[in-house]
1. One residue is enough: does region 127-143 have a residue meeting the conditions at pLDDT 80 or above and either on the phi > 0 side of the Ramachandran plot or outside any loop (DSSP other than H, G, I, E, B) (or both)?
2. Step by step: first the residues of region 60-101, then only those that are in contact with a strand residue (DSSP E or B) (Cβ under 8 Å, 6 or more places away or on another chain) and among the hydroxyl-bearing types (Ser, Thr, Tyr), then the one that is surrounded by the fewest Cβ atoms within 10 Å (Cβ to Cβ). Which residue is that?
3. Could you run through region 44-63 and say how many residues are outside any strand (DSSP E or B) and either touching a residue at least 24 places away in the same chain (Cβ under 8 Å) or not assigned by TED's automatic domain parsing to the domain that holds Ile123 (or both)?
4. Checking Phe39 against (1) out of contact with any Lys or Arg (no Cβ under 7 Å at 6 or more places or on another chain); (2) over 30 Å from Lys170 (Cα atoms); (3) not aliphatic (A, V, I, L, M), only one condition comes out false. Which one?
5. Looking at (1) part of a loop (DSSP other than H, G, I, E, B); (2) at pLDDT 80 or above, find the lone condition where Gly166 falls short.
6. Looking at region 175-191, I want the residues that are over 12 Å from Gln156 (Cα atoms) and in the same structural domain as Leu163 (by TED's automatic domain parsing) and have a partner that is outside any helix (DSSP H, G or I) and of a type outside the set (Ser, Thr, Tyr) with Cβ atoms under 6 Å, at least 6 apart or on another chain. Which pairs are those?
7. Checking the condition modelled with pLDDT under 90, under 26 Å from Glu205 (Cβ atoms), among the acidic types (Asp, Glu) and not in a loop (DSSP other than H, G, I, E, B), which residue from Glu85, Glu158 passes?
8. Show the residue pairs that are 6+ apart or on different chains and have beta-carbon atoms under 6 Å apart, the first residue being within region 83-98 and aliphatic (A, V, I, L, M), the second being surrounded by fewer than 20 Cβ atoms within 10 Å (Cβ to Cβ).
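The values are calculated or read from the model by the stated rules, or taken from the named source; none is laboratory data. Keep in mind it's a predicted model, so treat the numbers as computed, not measured. Here Cβ is always computed from backbone atoms with ideal geometry, including for glycine, and neighbour counts include all displayed protein chains.
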Amino acid sequence: MKTLLADDHPLMREGVRQVLSQLEPPVDIIDAHDYPSLFAQTALHLDLDLALVDLNMPGFVGVQGIAQYRSRFPDIPLVVLSASESPHDIRSALEAGALGYIPKAASTATMLAALRQVLAGDIYVPACLGDSHAGLHSVAPADFEALQHSGLTARQLEVARLLVQGCANKAIGGMLSMSEGTVKVHIAAIFRALGVTNRTEAVLEIQRLMQKP
């Protein structure tokens, strides 16, 4: 499988290479370090199976480069890999033609699952976007009825829902129109109500409560 990996940070490319090595069939990786080299390498390798592209690289600002790439090479599946978890950036990239959007903070398992989903012909949307296509591990609002007796307020339940979906504090704040500081206050209250001390314990406890009959 031939993949073009475009990122202006060599260390990031090396890390992603390690992740891609776990895909089947074996991946033949072609590097690009900015948008001009991305376009040039794609023109030389029109048989690409996938382009994995950083959102912000020299040559274009934001989704302009994604839109330009999709215009030039509409038949090559493109997935954005970005440090940004902004819902606006995610929506803009998908609207520009990206078939997936993977935050750089995502786990190896999430990245692999997302890439397999795109390669299978589907579209991957990270859970922190919070819409009806909210990624691989979204949780239905009805599932949170079991938490209504945990002492959480309605607002804290909304934060808990996004917490379980793996959203970072900044992304939660963007989705719920609150500051990152306010998100931290709500998360601290959730920890106290659930009797836990960190995000992992909170997610496990929320999942346990939702599974209770």
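1. no
2. Filtering region 60-101 down to residues in contact with a strand residue (DSSP E or B) (Cβ under 8 Å, 6 or more places away or on another chain) leaves 65-66, 68-70, 73, 76-85, 89-90, 93-94, 97-101.
When the remaining residues are screened for being among the hydroxyl-bearing types (Ser, Thr, Tyr), the result is 69, 82, 84, 101.
Values: Tyr69: 23, Ser82: 21, Ser84: 18, Tyr101: 28.
Residue satisfying both the conditions and the ranking: Ser84.
3. Final tally of qualifying residues: 11.
4. All conditions are met except number (1).
5. Status for Gly166: all satisfied but (2).
6. Met175/Gly130
7. Working: Glu85 fails: not in a loop (DSSP other than H, G, I, E, B).
Unique residue meeting the criteria: Glu158.
8. Qualifying pairs under 6 Å: Ala83/Lys104; Ala96/Ala67.
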